[in-house]
Amino acid sequence: MKKFILDLTVSASEHLRKGYVLLKLTDSRPLPPMLPGQFAELKVEGSETTFLRRPISINYVDEEKNEVWFLIHEVGDGTRKLGELSEGGKLNVVMPLGNGFTMPETPDERVLLVGGGVGTAPLLYMGKKMAEAGCRPTFLLGGRSTADLLQLEMFRALGDVYVTTEDGSMGEKGFVTQHSLLSQEHFDRIATCGPKPMMMAVARYARAAGSSCEVSLENMMACGLGACLCCVEKTVEGHVCVCKEGPVFNINKLLWQI
Amino acid sequence: MADLSVNIGDLHLKNPVMTASGTFGYGLEFADFVNLEDIGGIIVKGTTLHPREGNSYPRMAETPHGMLNCVGLQNKGVDYFCEHIYPQIKDIQTNMIVNVSGSCPEDYAECAARIGELEHIPAIELNISCPNVKEGGMAFGVTTQGAEAVVKAVRKAYGKTLIVKLSPNVTDIAEIARSVEAAGADAVSLINTLMGMAIDIEKRRPVLSISTGGLSGPAVKPVALRMVWQVAKAVQIPVVGLGGIMNARDAIEFMLAGASAVEIGTANFIDPAVTVKVAQGINDYLERHGYASVQEIIGKLEA
């Protein structure tokens, strides 16, 4: 897919919860095609300690409004600067980058989308694309607490939503892989994004259940284009760039001990 | 439009802007963003005689105004390059230059000889300065004897333009430059990355998998500029300057200090279209100052 360097305009900056900002960006020209699971490299301005762009997954695309959304978790000075952008502001974006999640082959496939924390972000767009294709996904979303679960209304509009929190403040108490849903239903296909220990647990479950499983990795990146070879993951084909060959990988390609 | 063309040995560049090895892939990765033929030269990823898996992840640490990397020369080897990469890049109408590395003079020479057979590769850049590999690499670039041994071996095996990339991790870079000039280099390029380190205080561990890495980006620019200035005064062969160039002004500083051409590296990660902007910016500077040719500013630092 052709990649672009775009100067996008902030159409909205919504502080969803403390530490989470939803940036909605638009352009005077139509945005390029984007796939669920792909990401963008966002340029950070005005941060003393931030030199590189920030790779952020595509949260949602609103074709009618010509908007692309990025869910920013403010964890450092770079992401905080992104969170300070306000309506009308400009943001330089390189996108779309990497490969997306595999779409179901038929509408009746049982698909589970498992997200943890800000890792739920790309699953919203995945859910939208699946809904457009006539599939109804099941979402299993986890967070430390209610405050970490975002955009739930939008997820509920696209599929069945199950929730876990570590403190039990919403849904079932515990981790996503402890949810009772997993012992009750079989899924043909699982896609997951979130902290690596969570994705490894999901991958372990998927392998045991005989489900096809894709994970979205977020190794530290510099270029985002497959040029610097910094973000490599060891795979059955040796070291490959997460930014270019991923960020979505089938678990059978990885060398994870699961 | 000023005349931006420069010569590096027998190599003719349409403009003095090249890409630094390891920051621009094989050029193809950036074809969506720039017209590759508008770049004076593209120096592709370091290539070795045998395939290399490189170092383990993590290989990168962001630092103030720069970054550390310890990729460790990951590449699929010269055979793969010749069979699979070369056919994809040979028709790009600019100087496609291969960065060559190795762990002993014989490997360097054999790899260079293989590249020398490729019609559309007019030059190589010899990497005697990679700080991220245990054997070879920088070990050759930090002594005059080591540098001479590799350059002499390659010079015998390779007849086209030979650029030697120097390490800044030395006491006297001018001395190394003179030794590679004497050994037959057509040009030198500098600087490769400065060896550095980053520590994660929560884990009390080095950030990088092999503890140390090479620092690049604007953080190194003043050091690079000083070294280019020193080397340009020490040798007769052309000097290619690199180290933290982010824009045309930076590039012009290197040229005034004595560089006949420049390489842009880490800046490609921040702006994938930076190369053509630098070339345009050099032209604007020349026009603003009434120079007909970029060659008029090379080494023209006022005393």
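The values are calculated or read from the model by the stated rules, or taken from the named source; none is laboratory data. Since this is a predicted model, take the numbers as computed values, not measurements. Cβ placement follows ideal geometry from the backbone for every residue including glycine, while neighbour counts extend to all protein chains displayed.
Below are the figures for this structure:
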quantity: Condition check for A:Gly78: within 14 Å of chain B (Cβ to nearest Cβ) and closer than 14 Å to A:Tyr20 by Cα; calculated: yes
quantity: Pairs, first of a type in the set (Ser, Thr, Tyr) in segment A:217-243, second surrounded by fewer than 24 Cβ atoms within 10 Å (Cβ to Cβ) and assigned to a loop (DSSP other than H, G, I, E, B), C-beta under 7 Å, six or more apart; calculated: A:Thr235/A:Leu255
quantity: Hey, B:Ala279 touching a Gly at 6+ places or on another chain (Cβ under 9 Å) and among the hydrophobic types (A, V, I, L, M, F, W, C) or not; calculated: yes
quantity: Residue check for B:Leu301: in a loop (DSSP other than H, G, I, E, B), under 30 Å from B:Gly184 (Cβ atoms) and in contact (Cβ under 8 Å) with a residue 60 or more places away in the chain; calculated: yes
quantity: Among residues of segment A:38-65, those that are more than 14 Å from every other protein chain (Cβ to nearest Cβ) and out of contact with any Pro (no Cβ under 6 Å at 6 or more places or on another chain), counted; calculated: 9
quantity: Number of the exception - A:Leu85 against (1) under 30 Å from B:Thr63 (Cα atoms); (2) touching a helix residue (DSSP H, G or I) at 6+ places or on another chain (Cβ under 6 Å); (3) outside the structural domain of A:Gly174 (by TED's automatic domain parsing); calculated: (2)
quantity: Whichever residue in segment B:225-270 is under 20 Å from B:Leu36 (Cα atoms) and assigned to a helix (DSSP H, G or I) and, among such residues, is nearest to the other protein chains (Cβ to nearest Cβ); calculated: B:Phe269
quantity: The lone exception for A:Arg29 - which of (1) more than 14 Å from chain B (Cβ to nearest Cβ); (2) closer than 16 Å to A:Ile72 by Cα; (3) not aromatic (Phe, Trp, Tyr) it fails; calculated: (2)
quantity: Residues of segment B:137-182 satisfying the condition of being in contact with a Pro (Cβ under 9 Å, 6 or more places away or on another chain), among the basic types (Lys, Arg) and not in a helix (DSSP H, G or I); calculated: B:Lys160
quantity: Boolean, A:Arg29 is under 28 Å from A:Cys228 (Cβ atoms), more than 13 Å from the chain's Cα centre (by Cα) and modelled with pLDDT of 95 or more; calculated: no
quantity: Filtered residue count, segment A:223-253, keeping only those that are within 11 Å of another protein chain (Cβ to nearest Cβ), of a type in the set (Gly, Ala, Ser) and under 17 Å from the mean Cα position of the chain (by Cα); calculated: 1
quantity: Candidate set from segment B:43-71 (those that are among the aliphatic types (A, V, I, L, M) and closer than 17 Å to B:Ser101 by Cβ); member that is surrounded by the fewest Cβ atoms within 10 Å (Cβ to Cβ); calculated: B:Leu49
quantity: Enumeration of residues in segment B:259-303 that are polar (S, T, N, Q) and surrounded by 23 or more Cβ atoms within 10 Å (Cβ to Cβ); calculated: B:Ser260, B:Thr266, B:Asn268, B:Thr275
quantity: Condition broken by B:Ser189, with the remaining ones in (1) farther than 16 Å from B:Asn55 by Cβ; (2) in contact with a Lys or Arg (Cβ under 9 Å, 6 or more places away or on another chain); (3) surrounded by fewer than 24 Cβ atoms within 10 Å (Cβ to Cβ) satisfied; calculated: (3)
quantity: Residue check for B:Ala185: farther than 22 Å from B:Glu37 by Cα and either touching a residue at least 60 places away in the same chain (Cβ under 8 Å) or assigned to a strand (DSSP E or B) (or both); calculated: no
quantity: Listing of strands (runs of 3 or more DSSP E) fully contained in segment A:1-99 that carry 2 or more residues being without any contact (Cβ under 8 Å) to a residue 40 or more places away in the chain and over 21 Å from B:Met246 (Cβ atoms); calculated: none
quantity: Qualifying residue in segment B:25-38 (condition: part of a loop (DSSP other than H, G, I, E, B), without any contact (Cβ under 8 Å) to a residue 60 or more places away in the chain and more than 9 Å from chain A (Cβ to nearest Cβ)); calculated: yes
quantity: B:His12 being away from every other protein chain (no Cβ under 13 Å), over 17 Å from B:Val274 (Cβ atoms), surrounded by fewer than 24 Cβ atoms within 10 Å (Cβ to Cβ) and touching a Gly at 6+ places or on another chain (Cβ under 6 Å); calculated: no
quantity: Out of A:Val161, A:Val118, sole residue that is aliphatic (A, V, I, L, M), within 16 Å of A:Leu16 (Cβ to Cβ) and crowded, with 19+ Cβ neighbours inside 10 Å; calculated: A:Val118
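A quick yes/no check of all residues on (1) crowded, with 20+ Cβ neighbours inside 10 Å; (2) within 30 Å of B:Met60 (Cβ to Cβ):
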residue: A:Ala147; (1), (2): no, no
residue: A:Leu152; (1), (2): no, no
residue: A:Thr165; (1), (2): yes, no
residue: A:Ser169; (1), (2): no, no
residue: A:His186; (1), (2): no, no
residue: A:Gly194; (1), (2): yes, yes
residue: A:Pro197; (1), (2): no, yes
residue: A:Ala208; (1), (2): no, no
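Residues are listed down the side, and each one gets a yes or a no for (1) over 14 Å from B:Met96 (Cβ atoms); (2) at pLDDT 95 or above; (3) touching a His at 6+ places or on another chain (Cβ under 9 Å); (4) of a type in the set (A, V, I, L, M, F, W, C):
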| site | (1), (2), (3), (4) |
| --- | --- |
| B:Gly9 | yes, no, no, no |
| B:Pro16 | yes, yes, no, no |
| B:Tyr26 | no, yes, no, no |
| B:Asp32 | yes, yes, no, no |
